[in-house]
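The values are calculated or read from the model by the stated rules, or taken from the named source; none is laboratory data. Nothing here was measured: the structure is a model prediction, and the numbers come from that model. Virtual Cβ from ideal backbone geometry, glycine too; neighbours counted across all protein chains shown.
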Amino acid sequence: MGQVLPLVTRQGDRIAIVSGLRTPFARQATAFHGIPAVDLGKMVVGELLARSEIPAEVIEQLVFGQVVQMPEAPNIAREIVLGTGMNVHTDAYSVSRACATSFQAVANVAESLMAGTIRAGIAGGADSSSVLPIGVSKKLARVLVDVNKARTMSQRLKLFSRLRLRDLMPVPPAVAEYSTGLRMGDTAEQMAKTYGITREQQDALAHRSHQRAAQAWSDGKLKEEVMTAFILLINNRLSKTTIFAVIPRLPITQSCARRLIANTGR
């Protein structure tokens with residue numbers, strides 16, 4: 001294990017997490033259907049600033065993580081700064097590191113505090129499986145570039161005639177590494193074999209984590225960390241998604257949990 005460093009500034013002041021907040025979780029294409037990640041990010045950062053009562057101008061840096069970036073808003077951090085009324089000169093940049101993306105955002109803000117370049121910052125992350133950037137095939141992409149350079153209609157029609165129906169099919173975001181073709185589950189399996197982590201140990205850890213999460217919800221410990229989200233629907237009506245929108249109903253034993261996973265695939 002690496003050495004644990006004390007989180008203090010150059011002046012020796014302790015670095016602390018003052019507050020934390022997130023939106024409720026929801027299933028794909030339900031409560032947040034049609035709401036892009038950038039809007040979810042604006043929503044939670046705006047509410048965080050309002051609850052903490054920290055003046056927006058005090059925040060000197062905002063680092064936000066996003067695994068699946070939106071082509072129209074590649075720097076989600078900058079969009080959040082502009083969309084929440086923060087100082088336009090606020091240092092804002094985005095990071096991406098697969099499932100560790102938001103952890104990386106927190107680490108970056110902490111390092112800025114340790115270096116003394118900022119006195120206060122916000123770290124976070126947002127992704128939406130309900131609004132995914134759908135791409136096009138490589139062949140269609142190439143044809144579109146060539147069509148843009150073509151000078152006559154006949155040249156354009158000739159280029160389009162090269163396409164087949166399969167070339168017009170939308171391409172969803174990749175879940176595997178481009179170079180290796182491995183998915184997150186594949187690398188997790190490799191890690192388990194490398195470090196000798198058994199299936200029983202994994203089940204025990206997952207079950208204990210879910211039990212503690214359910215108990216924390218029941219005890220109200222997470223109530224102040226999850227905001228109520230109000231979404232404007234197409235018919236201009238407000239939809240309210242509360243902190244209780246997705247409370248896990250968990251089996252009591254690990255064996256029941258394993259049977260549930262086998263039956264549902266979750």
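Return the total of residues in the range 66-85 being closer than 10 Å to Gly125 by Cβ and in a loop (DSSP other than H, G, I, E, B).
Residues flagged as closer than 10 Å to Gly125 by Cβ and in a loop (DSSP other than H, G, I, E, B) within the range 66-85 amount to 2.
Do we find a residue being among the basic types (Lys, Arg), surrounded by 12 or more Cβ atoms within 10 Å (Cβ to Cβ) and more than 17 Å from the chain's Cα centre (by Cα) anywhere in the range 116-125?
The answer is yes; a qualifying residue exists.
Can you confirm whether the range 41-53 contains a residue that is over 22 Å from Leu222 (Cα atoms), at pLDDT 95 or above and buried (at least 17 other Cβ atoms within 10 Å of the Cβ)?
No, the conditions are met nowhere in the range 41-53.
Among what's in the range 11-65 and is outside any loop (DSSP other than H, G, I, E, B) and either more than 21 Å from the chain's Cα centre (by Cα) or not assigned by TED's automatic domain parsing to the domain that holds Leu113 (or both), pick the residue that is nearest to Ile80 (Cα to Cα).
Ala56
When you check Val136 against the structure, is it farther than 25 Å from Pro36 by Cβ, among the β-branched types (Val, Ile, Thr) and surrounded by 11 or more Cβ atoms within 10 Å (Cβ to Cβ), yes or no?
no
Residue check: is Phe32 touching a Leu at 6+ places or on another chain (Cβ under 9 Å), of a type in the set (Phe, Trp, Tyr) and crowded, with 17+ Cβ neighbours inside 10 Å?
yes
Here are the criteria: (1) free of Cβ contacts under 8 Å to residues at least 40 places away in the same chain; (2) assigned to a strand (DSSP E or B); (3) among the β-branched types (Val, Ile, Thr). Tell me which single one Val88 does not satisfy.
(2)
For the subset of the range 188-238 comprising residues that are over 30 Å from Ala176 (Cβ atoms) and among the β-branched types (Val, Ile, Thr), which member is modelled with the highest pLDDT?
My answer is Val226.
Restricting to the range 91-109, give me the number of residues that are farther than 13 Å from Gly124 by Cβ and in contact (Cβ under 8 Å) with a residue 40 or more places away in the chain.
Looking only at that region, the number is 2.
If Ala176 satisfies every condition in (1) at pLDDT 95 or above; (2) in contact with a helix residue (DSSP H, G or I) (Cβ under 9 Å, 6 or more places away or on another chain) but one, which is the exception?
That leaves (1) as the condition not met.
Hey, any hits in the range 1-20 for a residue that's among the hydroxyl-bearing types (Ser, Thr, Tyr), surrounded by 11 or more Cβ atoms within 10 Å (Cβ to Cβ), in contact (Cβ under 8 Å) with a residue 40 or more places away in the chain and at negative phi?
Yes, that holds for at least one residue.
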